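FYI, it's all coordinate maths here, none of it is from the lab. All of these numbers come straight from a predicted model, not from anything done at the bench. Please note: Cβ atoms are built from the backbone with ideal geometry, for glycine as well, and neighbour counts cover all protein chains shown.
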Amino acid sequence: MTGDVPLIPPLRSEAEGWGHNLFPPLRSEVGSNGTRSALIGEWQPTPSPGQGPASAQAPGAAGAPGAAPEAVQGGGLSDEELQRKTDSLLEEYASTLDKKEALQCVRELQSPAFMPKLVERTLDRILNSVKDIEQTALSELLLHLHGQGVISSKDLISGLTSFTSELEDLRMDFPKAPQQLSQFLGMCINGGALGLEVVPQVLEGDIGAEAKRDFAGSALRTVRKALGSDDKMAAACSSAGLHAKSFLEATPEDGDLPSVQDWLQGQGLSSVPL
């Protein structure tokens, strides 16, 4: 009938303007776009105009309606995946003590925002370790990561404060926790990762004077031993503006504790300014 449009257009040859077959053969091999035939169940449809690939759709778009998207860090890994990989690399490092390999694994996490948590999980492993050599090795790993620019001084403080803010409760479960954490802080100060002014900073909050003194005494003795003399210790404290009374003074609620001056002398820390 005149004016009718044919339902099926006439077949044309490639030379007549068709650049592809009208009905291409079904294939099982991988195509140039990385997809497979629909016959084997791995075919991916071509996105509609304005729609990206299926893998690029917004988190939570698939699955149960209203499902909250899982938190994802900068490198594309969820918090759960980052923690699992961190625990795995710490387990591996504890057996090999290979700092180079551990550094590479941390870099592959590609998540600067996760680094305070990495410090926290490393310190948690230190507290749970019964081997002094492992505790020291894990502390040295954190200092190495800091030296390589993978973790910052702020990350170290954040991870450490997550424990010291609950120091009194913590030492009930881990009696050696104040000593272990304070020795780590002393190593950070001796290694140049942190300054002496951090000692009172990590002891802020509702912490009793006795717990503060246990922690500070261990950290300061570690620094004093490394410096080698009272004169150097006094100079370092003055340079950092560290004064013991400002954060170690007892209150009536602390009970009958010696004065700060008497306590410092008993700790061999009389060179620390009051």
Inset, instruction - Write down the radius of gyration of the stretch 229-274 and its Dmax, each obtained from C-alpha positions, in Å. - result: 11.5, 35
Legend entry - Karplus 3J(HN,Hα) series, Hz, for the stretch 237-247 with 6.51 cos²θ - 1.76 cosθ + 1.60 (x for Gly, Pro): 5, 5, 4, 8, x, 8, 10, 4, 5, 5, 9
Legend entry - Residue-by-residue Karplus 3J(HN,Hα) for the stretch 153-170, coefficients 6.51, -1.76, 1.60, Hz, glycine and proline x: 4, 5, 5, 4, 5, 4, x, 5, 5, 4, 9, 5, 5, 10, 4, 5, 5, 5
Inset, instruction - Find out how many positive minus negative residues lie around Gln183, taking Lys and Arg as positive, Asp and Glu as negative, among other residues whose Cβ is under 11 Å from that of Gln183. - result: +2
Legend entry - Spacing of the two label points (7 Å from each Cα toward its C-beta) at Glu253 and Ala113, in nm: 3.6 nm
Legend entry - Packing-based ranking, highest mean first, of 165-176, 194-205 given that Cβ atoms within 10 Å are counted: 194-205, 165-176
Inset, instruction - Measure up Lys154/Lys212; Lys131/Lys154; Lys99/Lys154; Lys212/Lys245; Lys117/Lys225 against 23 Å on the Cα-Cα distance and list the ones that go over. - result: Lys131/Lys154; Lys117/Lys225
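Using only Cα atoms, what Kirkwood radius does the stretch 186-274 have, in angstroms?
That comes to 13.1 Å for the stretch 186-274.
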Legend entry - Between the stretch 118-132 and the stretch 201-229, the Cα center-to-center distance that results, in Å: 19 Å
Inset, instruction - Quote the charge dipole size of the stretch 186-274 about the Cα centre in Debye, to the nearest 20; the model charges only the Cβ of Lys and Arg (+1) and of Asp and Glu (-1). - result: 500 debye
